[in-house]
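Novice: Please see the structure below; I have some questions.
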Amino acid sequence: SVLGQSMGSYVALQAAVLASEKIEKLILVTPKAYDDGKGSSVQRLMKEEGLDLGSASWEQMMQVVSKALWSPLVTKEMMMDLDAKMAIRSKNTVVLTPEESAAVNKALVGFDLRRQLENVSCQTLVISGTYDKINPPAFGKEIADGITSAEYVEFPGGHYLTGEFEEEYIRCVKEFLKN
């Protein structure tokens, strides 16, 4: 079984396109299947804020991304708690330099797996967030519609729905893996 969230879903979906027969179950969380012509989702958000991904500081990037992560259901108190949890979980995360971030974005430009979705034969669960501003739910729905064996679930959360709806999300994934 393979699970990918956000940019990890792009990699997981590519693996399924290339070798679906080696994957029993595929779980794509807050995914998209193609570059919409604006580079990575983070680059698009940065441009909307008047910032350049190649020169913005980590702090500037996190301010922009943080605003896009949450649904309107999240209060300031909840956001602070979720941000703290996310910070704890990401202590071992490698922080990319602005140059590395720009290289990642360049690698994403033009990727498009939509015409290859029909090649994905493994059982697939696609999970999106209603209020996701990074990879809107239409992206996840498009993937689910393109994969014959896909199930689509939408939580009333943002991009970080795994934090907003942690228990429900875990229950959903476990149920999918069990069946």
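Novice: Considering the stretch 105-130 alone, what residues qualify as being open to solvent by 80 Å² or more (accessible area, probe 1.4 Å) and closer than 13 Å to Pro31 by Cα?
Specialist: Arg114
Novice: Right, here's the next one. Can you name the number of the only condition in (1) open to solvent by less than 30 Å² (accessible area, probe 1.4 Å); (2) within 13 Å of the chain's Cα centre (by Cα) that Lys133 fails?
Specialist: It fails just one condition, (1).
Novice: Filtering the stretch 157-171 down to residues that are hydrophobic (A, V, I, L, M, F, W, C) and either in contact (Cβ under 8 Å) with a residue 12 or more places away in the chain or in a loop (DSSP other than H, G, I, E, B) (or both), which residue is most open to solvent (accessible area, probe 1.4 Å)? If you could, list the steps in order and put the result at the bottom.
Specialist: Filtering the stretch 157-171 for residues hydrophobic (A, V, I, L, M, F, W, C) gives 161, 165, 170.
Filter again for either in contact (Cβ under 8 Å) with a residue 12 or more places away in the chain or in a loop (DSSP other than H, G, I, E, B) (or both), leaving 161, 165.
Numbers: Leu161: 0, Phe165: 35 Å².
My answer is Phe165.
Novice: I need a count of the residues in the stretch 60-93 that are open to solvent by 60 Å² or more (accessible area, probe 1.4 Å), assigned to a helix (DSSP H, G or I) and at pLDDT 80 or above.
Specialist: 3
Novice: Condition first: modelled with pLDDT of 85 or more and either closer than 18 Å to Ala138 by Cβ or in contact with a His (Cβ under 8 Å, 6 or more places away or on another chain) (or both). Now tell me which residues in the stretch 22-47 satisfy that.
Specialist: Selection gives Leu28, Val29, Thr30, Pro31, Lys32, Ala33, Tyr34.
Novice: For Gln14, indicate whether it is in a helix (DSSP H, G or I), free of Cβ contacts under 8 Å to residues at least 40 places away in the same chain and among the polar types (S, T, N, Q).
Specialist: The answer is no for Gln14.
Novice: Can you pull out the residues in the stretch 119-156 that are part of a loop (DSSP other than H, G, I, E, B), more than 18 Å from Ser41 (Cβ to Cβ), in contact with an Asp or Glu (Cβ under 8 Å, 6 or more places away or on another chain) and not aliphatic (A, V, I, L, M)?
Specialist: Those that are part of a loop (DSSP other than H, G, I, E, B), more than 18 Å from Ser41 (Cβ to Cβ), in contact with an Asp or Glu (Cβ under 8 Å, 6 or more places away or on another chain) and not aliphatic (A, V, I, L, M): Ser121, Cys122, Thr148.
Novice: A follow-up question, please. Quick check on my filter: what residues within the stretch 136-155 are closer than 19 Å to Leu69 by Cα, touching a helix residue (DSSP H, G or I) at 6+ places or on another chain (Cβ under 9 Å) and open to solvent by 60 Å² or more (accessible area, probe 1.4 Å)?
Specialist: Glu154
The values are calculated or read from the model by the stated rules, or taken from the named source; none is laboratory data. Computed from a prediction, not measured in an experiment: that's the story for all the values here. Here Cβ is always computed from backbone atoms with ideal geometry, including for glycine, and neighbour counts include all displayed protein chains. The accessibility values were calculated without ligands, DNA or RNA, using every heavy atom of the protein model including side chains. Shrake-Rupley method; radii C 1.70, N 1.55, O 1.52, S 1.80 Å.
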